Amino acid sequence: MARAKTPTATSPGQQPPSGVKAPGKKPAAPAGRRAGPDPDADAPRGQGDELQQQAGGPRPRLTTNQGLVVADNQNSLTSTPRGPALLEDFILREKITHFDHERIPERIVHARGSAAHGFFELKKSLAKYTRAKLFTDVGTRTPVFTRFSTVAGGAGSVDTPRDVRGFAVKFYTVEGNFDLVGNNIPVFFIQDAMKFPDVVHSVKMEPDRAFPQAASAHDTFWDFISLTPESMHMVMWQMSDRTIPRSLRTIEGFGVHSFRLLSDKGESTFVKFHWRPKLGLQSTVWDEALKLQAADNDFHRRDLFENIQAGNFPEWELGVQLFTEAEADTFPFDHLDPTKIIPEALVPVQIIGRMVLDRWPDNFFAETEQVAFCPANIVPGIDFSNDPLLQGRLFSYLDTQLIRLGGPNFHQIPINQPKCPFANHQRDGHMQMQVPKGRVNYEPSSLQDDSPRADARAGFRSHATLPDDGAKGRVRPESFADHYSQARMFFRSLEAPEQAHLASALVFELSKVETPRVRERTVGHLLHIDPSLAQRVADGLGLDALPPAPPAAVPPQDMPPAPEVRIIGRMRVTLEHRCVGILIDEGSDAAALKALRKAAEAAGATVKIVAPRLGGAVLSDGKKQPADGQLAGMPSVLFDAVAVLLGEAAGRKLAKESAAVDFVAFAWAHLKAIAHDSGAAPLLKAGNVGKDAGIVDASDAKAFIAAAGTRQWAREPKLRTLA
Ligand code: HDE
């Protein structure tokens, strides 16, 4: 059916196509017609344009990438108003082509990440050990960019799976970039880089079915692990509460490998790096982590963003363990083995400075996505150790950036550029951003005085390490053979609730494994670590008998407990920078709300009001209190502690509302403090909330603040069967 032609946008100066009515008389658009700009306007306008005008203020003109001002950003160029699009439309082609290329390959591991800018401030000089200025000039603030990540999931996966967290810090020092690319766990699954593709393949989604996403609870992972005894120490950490952190602001970070510090005189001291969160350590309980995945995929990212925006700048102390080669020779393990920690009883951690993250990136892609970390980025005064995992990493990261960022000039992307001068004779390549001047791009040369030259005094020098005795070959050192002693030390150092969580985590993960022999093989390893743990997991899985333990190359030794591996006891009892949710409804007590909010904020917490309707509720004083979130969309898992203030009628009504019942039931189940008034009693009853030190009367703000700063561990055995 022929339709009447309707005028469309024209560029300024362009004549309307023949047959199109001249501007001035606006015909009605036929039904189903694409929306066009207002032909009465002087210049073409679309909805986006109107919105921008509503925003007001001067704004830059929209141009193509060649700087041409665009007249119409709403309509493509067509041969007639209802005719085919023209290939000639370079504006459309440029826009769509750029869009088509918006995605770059995501990181094979650590794809999902969040980052922030900040600074590192040195408090204690390490001048005796290193000439690296960032560790010698006390008081100096070195800019940093820090990216946290999960390991296994893709870039669009959730923030709260059970997973190791990456903790990568780029220090923009005056002597070049130093990247400390660590994790929130101080050991790794494997001892040799040769095994990295295998462990990563095994944990990622299975290749034939493409699931599970961001989860280690599946056959291929546990198949690999159960055949790789060296992974057992890391598995203990991975199954502990360390891998279900409450916030990225409450995780530790570790450089994992031994590095070297080199003094002015070239003397070498080994160093292990530790980041310690100022807020202390804090994790979720597993059920809470699972529910967080549903409540907010971006929980950790949002938490970091909101706190930085609110001025609650996350802060970590940097600690070092320093030891000489001679001291290392006395350790009952090999410090070059990345599956071992150096217990703090052996080498204490000295705090040397602090890192503060105080600025959210301006653009996620340009900064968080394009940042390119590399353990080989070091500065004079720091050097590598022979840890074979580290040695492999020195190759991998640069190689990864070449494919991920598309060429050899990724160091010129602003987030990757050193903040000190940099110059050399490397030239050209994809996406060269610099315009080097002159004839000389080689050395030695004599044609240009200002061409860059090496500097033996200031420049980087490697440590003159003496070669080990022994023959070239593919051998695992004998000193790496003890796979169970530190795994045992870890498990036995935990507090009882943490041990129970670890055993339950193993039962959960292995219950997802379909192949019985994989489950049994894993339990066999646990016998070397702690027979009671093996028994608990076997019982949890419903195994009829304990499987045999595999042969151990070195029988496990008992080591003294290492209290530093615990989380309980290292969490700070505080509401500082934490979040309290207060559930209200029509008729809630205005004075009680005011008092509770004041007390929580005075303790450093953020308070969010939750109500059945986002518009809020009229309180007892007749005033309307708007809500920050609607009840169904703001469950209690999002908060560190909750309060429920309800009038009599609202309390009875919400006791029949499942989202409200879940609000209190899950706060109870996740061991959180709940403050309530008498109106909330029917709701607490409906949620089966019991009584303990964490359930307090809302009028006693002091008791609530004390209970809200921690978790009620004593409540847990009443709630769930722990393996
Ligand atoms: Fe990584 N790792 N890794 N890794 N890693 C990457 O580099 C690799 C290892 C870590 O926020 C990749 O840019 C190998 C240990 C973090 O951008 C890749 C080996 C530790 C990040 C790579 C290891 C880490 C990565 C993927 C064994 C803790 C994210 C994307 C030899 C000390 C950094 C990229 C960011 C990222 C390789 C082992 C930490 C493929 C070959 C041990 C925090 O190059």
- request: Residue by residue through the stretch 328-341, note down the ones that are more than 15 Å from the ligand (Cβ to nearest atom) and touching a residue at least 40 places away in the same chain (Cβ under 8 Å).
  value: ALA328, PRO332, PHE333, ASP334
statement: Over the stretch 367-407, the set of residues part of a helix (DSSP H, G or I), among the hydroxyl-bearing types (Ser, Thr, Tyr) and more than 16 Å from PHE196 (Cβ to Cβ) is THR368
query: Which one of ALA505, ALA496 is closer than 20 Å to THR243 by Cα and surrounded by 21 or more Cβ atoms within 10 Å (Cβ to Cβ)?
result: ALA505
- prompt: When both residues are 6+ apart or on different chains and their Cβ atoms are under 9 Å apart, which pairs have a first residue that lies in the stretch 514-528 and is without any contact (Cβ under 8 Å) to a residue 12 or more places away in the chain, and a second that is among the hydroxyl-bearing types (Ser, Thr, Tyr) and buried (at least 19 other Cβ atoms within 10 Å of the Cβ)?
  reply: ARG517/SER226
task: Please specify each residue of the stretch 557-613 satisfying the condition of being in a helix (DSSP H, G or I), surrounded by fewer than 16 Cβ atoms within 10 Å (Cβ to Cβ) and among the hydrophobic types (A, V, I, L, M, F, W, C).
output: ALA591, ALA595, ALA602
message: When the residues of the stretch 99-117 are narrowed to those that are charged (D, E, K, R) and out of contact with any strand residue (DSSP E or B) (no Cβ under 6 Å at 6 or more places or on another chain), which ends up farthest from the ligand (Cβ to nearest atom)?
response: ASP100
- prompt: Would you say PHE508 is of a type in the set (A, V, I, L, M, F, W, C) and within 30 Å of MET205 (Cβ to Cβ)?
  reply: yes
query: Of all residues in the stretch 358-391 being more than 25 Å from the chain's Cα centre (by Cα) and farther than 30 Å from GLY473 by Cα, which is surrounded by the most Cβ atoms within 10 Å (Cβ to Cβ)?
result: GLY381
statement: Taking the stretch 123-157 and keeping only residues that are of a type in the set (S, T, N, Q), part of a loop (DSSP other than H, G, I, E, B) and within 16 Å of the ligand (Cβ to nearest atom), one is left with SER157
query: If you scan the stretch 221-262, which residues turn out to be within 16 Å of the chain's Cα centre (by Cα), hydroxyl-bearing (Ser, Thr, Tyr) and within 16 Å of the ligand (Cβ to nearest atom)?
result: THR243
- prompt: Does PRO452 satisfy the criteria of being surrounded by fewer than 20 Cβ atoms within 10 Å (Cβ to Cβ) and in contact (Cβ under 8 Å) with a residue 12 or more places away in the chain?
  reply: yes
message: What's the total number of residues in the stretch 481-496 that are assigned to a helix (DSSP H, G or I) and out of contact with any Leu (no Cβ under 8 Å at 6 or more places or on another chain)?
response: 9
- line: Counting only residues in the stretch 72-125 that are without any contact (Cβ under 8 Å) to a residue 60 or more places away in the chain and of a type in the set (Phe, Trp, Tyr), the one surrounded by the fewest Cβ atoms within 10 Å (Cβ to Cβ) is identified as PHE99
query: Could you say whether any residue in the stretch 339-347 is among the basic types (Lys, Arg) and under 27 Å from MET232 (Cβ atoms)?
result: yes
query: Of the residues that sit in the stretch 396-426 and are near the ligand (Cβ under 9 Å from one of its atoms) and free of Cβ contacts under 8 Å to residues at least 40 places away in the same chain, which one is surrounded by the most Cβ atoms within 10 Å (Cβ to Cβ)?
result: GLN401
- request: State whether the residues of the stretch 181-198 include one that is surrounded by fewer than 16 Cβ atoms within 10 Å (Cβ to Cβ), closer than 30 Å to HIS117 by Cα and in the same structural domain as ASN377 (by TED's automatic domain parsing).
  value: no
statement: If we ask which residues in the stretch 180-217 are in a helix (DSSP H, G or I) and without any contact (Cβ under 8 Å) to a residue 40 or more places away in the chain, their number turns out to be 6
query: For the stretch 693-708, how many residues meet the condition of being under 34 Å from the mean Cα position of the chain (by Cα), closer than 20 Å to PHE663 by Cβ and part of a loop (DSSP other than H, G, I, E, B)?
result: 1
query: Only one of these conditions is not met by PHE120: (1) within 16 Å of the ligand (Cβ to nearest atom); (2) part of a strand (DSSP E or B). Which number is it?
result: (1)
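The values are calculated or read from the model by the stated rules, or taken from the named source; none is laboratory data. Keep in mind that what you see is a predicted model, and the values were worked out from it rather than measured. Positions of Cβ are backbone-derived with ideal geometry, glycine not excepted, and every protein chain shown enters the neighbour counts.
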